[in-house]
Amino acid sequence: MNHDDPVKDTVPAEARSPVTLTHADRVLDPVSHLTKQGLATYMRAVSARMLPLVAGRLLSLLRCPEGTAQACFFQRHATVGTPVQWRRKLVKEKDGRAINYVYLTDVDGLVAAAQIGVLELHLWGSQARKLESPDRLVFDLDPDPDLPFSEVKAAAVAVRDVLAALDLASFPLLTGGKGVHVVAPLGPGAGGGRRQWPVVSAFAKAVAEQLVEARPDAYVATMSKARRQGRIFIDHFRNARGASAVAPYSPRAKPARAGGGTPIACPVTWEELAAAERADIYTTADAPALMRRPDPWARYFEMRQDLGAGACRVLGVKVGAGAYSS
């Protein structure tokens with residue numbers, strides 16, 4: 001099965017229809033009082049900037065159909081109740097099973113997410129049409145709860161500077177929780193075999209380990225919770241096949257502040273990151289103001305950068321590694 005072949009639309013044309021919200025006044029966030037209607041309105045409001053970053057990517061979804069006061073759960077695969085506004089992609093898993101994942105392509109897909117109580121959208125690092133060719137690097141900076149946010153910002157700048165030295169521009173994302181993501185778009189460039197999952201994963205790991213080697217007192221690059229105390233976990237594991245990271249502009253099922261909206265994962269400029277006091281300063285209530293300001297990631301799709309052969313050599317990354325077998 002060649003996952004890099006063009007994806008055939010698996011949603012019949014007659015099935016595509018505007019979304020009808022049911023129980024539109026159901027409260028999803030009891031602190032901010034965000035309702036399903038409010039979530040749908042937010043999705044529409046940010047769609048012009050969210051869709052280019054989300055459309056066509058396989059999704060992992062955090063669903064809270066009865067709101068965050070009740071049980072929430074992650075959904076990675078298509079089910080009987082999958083909205084007709086979404087499309088499906090058959091993906092071969094490591095155990096050999098072929099499983100249907102979902103992705104969306106338009107604003108109706110975003111509104112359909114609101115209809116079934118999706119509070120968080122998480123994205124694969126590749127497009128469904130080119131599943132085996134990751135097109136971004138993501139570093140999730142996850143701090144020990146006792147660390148000040150200033151240290152998280154400093155870590156983001158450190159990641160940015162290492163990437164810049166490897167000729168990779170990057171963009172910061174306030175996650176809406178405690179941390180920051182540093183995202184570097186890849187291609188279309190001359191990377192060729194360098195943009196395969198094993199190579200991209202090894203590259204991200206090498207970057208994280210370089211930072212840990214320089215500041216072992218400040219950073220850790222392993223999942224061991226015991227080693228994270230007083231440090232920032234540079235989570236490079238988001239760059240593996242099947243892993244995901246929260247989508248830009250996605251709401252978060254995180255504690256809201258009374259009187260404010262529900263926190264969102266928000267793209268910012270490096271200058272805005274420097275001024276930010278927390279990672280959850282932007283909420284669903286900020287959508288109109290966010291859409292009026294210049295796009296902080298305006299240059300994201302202008303990047304023609306890739307994992308350079310020289311950078312791979314510097315990091316000791318083997319370029320000849322084969323892609324995931326499928």
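Being surrounded by fewer than 21 Cβ atoms within 10 Å (Cβ to Cβ) and at pLDDT below 95 narrows it down to one residue among Arg228, Arg195, Arg160, Arg215; which is it?
Details: Arg195 fails: surrounded by fewer than 21 Cβ atoms within 10 Å (Cβ to Cβ); Arg160 fails: at pLDDT below 95; Arg215 fails: at pLDDT below 95.
Testing whether each residue is surrounded by fewer than 21 Cβ atoms within 10 Å (Cβ to Cβ) and at pLDDT below 95 leaves just Arg228.
Quick check: anything in region 262-271 under 30 Å from Met43 (Cα atoms), surrounded by fewer than 20 Cβ atoms within 10 Å (Cβ to Cβ) and among the polar types (S, T, N, Q)?
Yes, that holds for at least one residue.
Given the structure, is Val111 part of a helix (DSSP H, G or I), within 23 Å of Ala202 (Cβ to Cβ) and in contact (Cβ under 8 Å) with a residue 60 or more places away in the chain? First the steps, then the outcome.
Values: part of a helix (DSSP H, G or I): yes; within 23 Å of Ala202 (Cβ to Cβ): no; in contact (Cβ under 8 Å) with a residue 60 or more places away in the chain: yes.
Here the answer is no, as Val111 does not meet what is asked.
Out of Ala311, Ala247, Ala253, report the one residue that is small (Gly, Ala, Ser), farther than 14 Å from His181 by Cα and within 17 Å of the chain's Cα centre (by Cα). Explain how you work it out, then say what you get.
Values: Ala311 fails: within 17 Å of the chain's Cα centre (by Cα); Ala247 fails: farther than 14 Å from His181 by Cα.
One residue alone meets the criteria, Ala253.
Working carefully through the options Val152, Val200, find the one that is in a helix (DSSP H, G or I), in contact (Cβ under 8 Å) with a residue 12 or more places away in the chain and over 22 Å from Ala253 (Cα atoms).
Details: Val152 fails: over 22 Å from Ala253 (Cα atoms).
It is Val200.
Can you name the residue in region 10-67 that is under 22 Å from Thr79 (Cα atoms) and of a type in the set (Asp, Glu) and is also modelled with the lowest pLDDT among such residues?
Once the filter is applied, the top-ranked residue is Glu14.
Just name the residue that is nearest to Lys178 (Cα to Cα) out of those in region 258-300 that are of a type in the set (Val, Ile, Thr) and part of a loop (DSSP other than H, G, I, E, B).
So in region 258-300, the residues of a type in the set (Val, Ile, Thr) come out as 262, 264, 268-269, 281, 283-284.
Still in the running and part of a loop (DSSP other than H, G, I, E, B): 262, 268-269, 281.
Numbers: Thr262: 14, Val268: 15, Thr269: 18, Ile281: 10 Å.
My answer is Ile281.
Looking only at region 25-51, which residues are over 16 Å from Asp108 (Cβ atoms) and either surrounded by 22 or more Cβ atoms within 10 Å (Cβ to Cβ) or touching a residue at least 12 places away in the same chain (Cβ under 8 Å) (or both)? Spell out how you get there, then give the answer.
Step one: filter region 25-51 for residues over 16 Å from Asp108 (Cβ atoms), giving 25-35, 38, 49.
If the condition is that a residue be over 16 Å from Asp108 (Cβ atoms) and either surrounded by 22 or more Cβ atoms within 10 Å (Cβ to Cβ) or touching a residue at least 12 places away in the same chain (Cβ under 8 Å) (or both), then Asp25, Arg26, Val27, Leu28, Asp29, Pro30, Val31, Ser32, Leu34, Gly38, Arg49 are the ones that fit.
How about region 114-149: which of its residues are in contact with a Gly (Cβ under 6 Å, 6 or more places away or on another chain), assigned to a loop (DSSP other than H, G, I, E, B) and not polar (S, T, N, Q)?
The answer is Pro134, Asp135, Asp144.
Starting from residues that are of a type in the set (Val, Ile, Thr) and more than 17 Å from the chain's Cα centre (by Cα), keep the ones in region 121-157 and report whichever is surrounded by the fewest Cβ atoms within 10 Å (Cβ to Cβ). Spell out how you get there, then give the answer.
Applying the first criterion (of a type in the set (Val, Ile, Thr)) to region 121-157 yields 138, 152, 157.
Next, only the ones that are more than 17 Å from the chain's Cα centre (by Cα) stay: 152, 157.
Values: Val152: 24, Val157: 16.
The selected residue is Val157.
If you check every pair at least six apart or on different chains, which have Cβ atoms under 9 Å apart with a residue in region 156-168 that is without any contact (Cβ under 8 Å) to a residue 40 or more places away in the chain first and a residue that is assigned to a loop (DSSP other than H, G, I, E, B) and not aliphatic (A, V, I, L, M) second?
Short answer, once both residue conditions are applied: Ala164/Ser170.
Within region 96-126, track down each residue that is among the hydrophobic types (A, V, I, L, M, F, W, C) and touching a helix residue (DSSP H, G or I) at 6+ places or on another chain (Cβ under 6 Å).
Taking region 96-126 first, the residues among the hydrophobic types (A, V, I, L, M, F, W, C) are 98-99, 102, 104, 107, 110-114, 116, 118-119, 121, 123-124.
Passing the criteria: Val107, Leu110, Val111, Ala114.
Within the group Arg241, Arg160, Arg227, which residue is assigned to a loop (DSSP other than H, G, I, E, B), more than 20 Å from Ala309 (Cβ to Cβ) and among the charged types (D, E, K, R)? Lay out the reasoning, then the answer.
On the way: Arg160 fails: assigned to a loop (DSSP other than H, G, I, E, B); Arg227 fails: assigned to a loop (DSSP other than H, G, I, E, B).
Only one candidate qualifies: Arg241.
Touching a residue at least 40 places away in the same chain (Cβ under 8 Å), out of contact with any Leu (no Cβ under 8 Å at 6 or more places or on another chain) and either surrounded by 22 or more Cβ atoms within 10 Å (Cβ to Cβ) or polar (S, T, N, Q) (or both): does that describe His236? Working first, answer last.
Working: touching a residue at least 40 places away in the same chain (Cβ under 8 Å): yes; out of contact with any Leu (no Cβ under 8 Å at 6 or more places or on another chain): yes; either surrounded by 22 or more Cβ atoms within 10 Å (Cβ to Cβ) or polar (S, T, N, Q) (or both): yes.
Spelling it out, His236 is indeed touching a residue at least 40 places away in the same chain (Cβ under 8 Å), out of contact with any Leu (no Cβ under 8 Å at 6 or more places or on another chain) and either surrounded by 22 or more Cβ atoms within 10 Å (Cβ to Cβ) or polar (S, T, N, Q) (or both).
The values are calculated or read from the model by the stated rules, or taken from the named source; none is laboratory data. This one's a predicted model, so the numbers in the text were calculated from it and none came from an experiment. Every residue, glycine among them, receives a Cβ derived from its backbone with ideal geometry; neighbour counts consider all protein chains shown.
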